[in-house]
1. What distance in nm separates the simple spin-label points at Arg69 and Ala38, each placed 7 Å from Cα in the Cβ direction?
2. I'd like the Karplus ³J(HN,Hα) series for segment 49-66: coefficients 6.51, -1.76, 1.60, θ = phi - 60°, whole numbers in Hz, and an x wherever there's a Gly or Pro.
3. Tally Lys/Arg at +1 and Asp/Glu at -1 over every other residue whose Cβ is under 13 Å from the Cβ of Val87; what's the total?
4. Rounded if a/c is under 1.5, else prolate if a/b beats b/c, else oblate: with a ≥ b ≥ c from the C-alpha gyration tensor eigenvalues square-rooted, which is segment 362-427?
5. With no solvent and one point on each alpha carbon, what is the Debye value of log10 I(q)/I(0) for segment 18-82 at q = 0.12, 0.28 Å⁻¹?
6. Of Lys207/Lys256; Lys313/Lys351; Lys197/Lys303, which pairs sit farther than 27 Å apart, going by alpha carbon to alpha carbon?
7. Counting Lys +1, Arg +1, Asp -1, Glu -1, what net charge surrounds Ala276 among other residues with beta carbon under 12 Å of its beta carbon?
8. Can you give the convex hull volume of the alpha carbon atoms of the chain per residue, in Å³?
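The values are calculated or read from the model by the stated rules, or taken from the named source; none is laboratory data. It should be emphasised that the depicted structure is a prediction, and the values quoted were computed from it without experimental measurement. For neighbour counting, all protein chains shown are included, and Cβ atoms are generated from backbone atoms with ideal geometry for every residue, glycine included. The protein model used for the area step is the full one, side chains on, heavy atoms only, and it has no ligands, DNA or RNA in it. Shrake-Rupley method; radii C 1.70, N 1.55, O 1.52, S 1.80 Å.
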Amino acid sequence: MNIRTGIAGAALGLALNFTVAHADTVVVSADRMIDVVAGHAIDKPQITVTDGRISAVGHQGDAVPAGARRVELAGMTLLPGLIDMHVHLTSDPRFSGYRGLEYTDNFWTVVGVASAKKTLEAGFTTVRNVGSSNYDDVALKQGIEGGYITGPRIVPATYAIGATGGHCDSTEFPPSISAPEPAVANGPEELRFTVRKLRKYGAEVIKFCGTGGVFSKTDTVGGQQYDLTEMKALIDEAHMLGLKVAVHAHGTAGIKDAIRAGVDTVEHASLADAEAFALAKQHGTWFSMDIYNGDYTAAEGAKNGVFAESLEKDRQITLQQRKTFQAAVKAGVKMVFGTDGGVYPNGDNAKQFAKMVEWGMTPLQAIQAATVNAAQALGRTADVGAIETGHYGDLIAVEGDPLSDVTRLTNVAFVMKGGVVAKDPRK
């Protein structure tokens with residue numbers, strides 16, 4: 001062995017020793033664990049997380065690395081960190097209708113800081129933020145990743161793209177008031193340009209409004225707002241750039257055209273019919289159906305300033321959406337967990353699990369929608385959505401057994417994100 005080789009080998013050995021000596025290792029144990037991939041519970045699990053990633057999945061009694069910290073969660077059930085595929089962290093339902101105009105533009109970033117913390121502490125370690133102004137969701141993501149604030153992993157869409165006069169345009173003002181609308185676009189070329197612009201400024205998913213909506217003032221819920229040619233141009237452009245696409249679509253025709261155009265997830269899907277189910281299964285499209293928030297809007301919407309037109313649309317659509325959800329589950333449509341957080345208070349995301357079970361899912365199916373299914377729809381099965389070696393150390397724990405009582409998930413006691421404890425019942 002020559003001197004140079006010997007020095008290099010010694011340096012490598014020192015580097016490896018340094019890594020081992022200084023690796024942050026934590027071992028988490030509990031009474032049971034939900035294996036969301038296999039679809040059953042495992043007794044006495046022991047999870048080792050090293051430098052933020054899961055390095056071993058075993059059972060209590062397995063060897064523990066020297067110097068590892070221990071987290072023992074007696075009486076609790078471990079699950080992967082939950083994923084909500086449809087949130088608006090920078091929205092607060094208490095400021096609905098015209099009430100939001102009382103606040104400066106950057107106020108909503110501050111709202112997002114508070115919402116991000118509440119969402120993480122509720123057990124949601126990853127969220128897809130599908131619409132915010134001023135690129136606020138990118139700012140939140142940067143703040144969380146930089147360690148300035150606490151929150152989940154964010155997949156930002158930045159602005160939601162919408163047609164002139166449509167759901168994602170400002171339709172509550174007279175012609176004399178012009179509101180900036182950086183993502184209002186019409187026709188294939190404008191849509192392609194807008195996709196490129198949003199990606200340039202941080203979008204990791206594209207969201208567009210294919211039909212009318214509940215909380216826009218002047219349109220109908222089901223009316224289609226982009227035609228098939230426009231949808232295909234937008235989706236093709238996003239896919240070419242490596243981005244997945246979500247469509248806001250309540251209406252039947254808009255849902256079908258979006259699926260035909262290649263959309264990845266359909267948000268709301270309230271008026272989908274049997275043909276839409278068949279198309280979704282044929283194309284591998286996911287449905288993301290927010291079937292809890294109608295209860296909140298019915299109870300609090302008028303007090304919060306929601307437009308009378310929107311309250312009426314919400315009354316018309318809530319029950320029908322739940323019936324559609326039930327039919328879609330029976331038809332075998334692929335489902336992810338998406339709540340429209342911000343229409344109700346962010347942090348209450350887990351209240352939707354009970355509605356999903358009430359309207360046709362088993363507790364396991366509802367949990368899978370918020371874990372392994374959501375990870376598949378995000379294209380991130382290698383790092384989130386399951387407790388598996390190589391994944392982020394995203395773990396939550398609840399008292400008792402959520403497979404017997406899914407409402408247990410509304411009271412998450414322990415949250416770890418990337419090996420860092422964000423909530424601990426022992427403190």
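1. 2.8
2. Once rounded to whole Hz, the list reads 10, 10, 6, x, 10, 6, 9, 7, 10, x, 10, 4, x, 5, 4, 10, x, 4.
3. Around Val87, the surrounding residues sum to -3.
4. Oblate.
5. Per q value, in the given order, log10 I(q)/I(0) is -0.30, -1.29.
6. From Lys207/Lys256; Lys313/Lys351; Lys197/Lys303, over 27 Å: Lys197/Lys303.
7. Local net charge: 0.
8. Spelled out: Cα convex hull of the chain, divided by residues, is 166 Å³.
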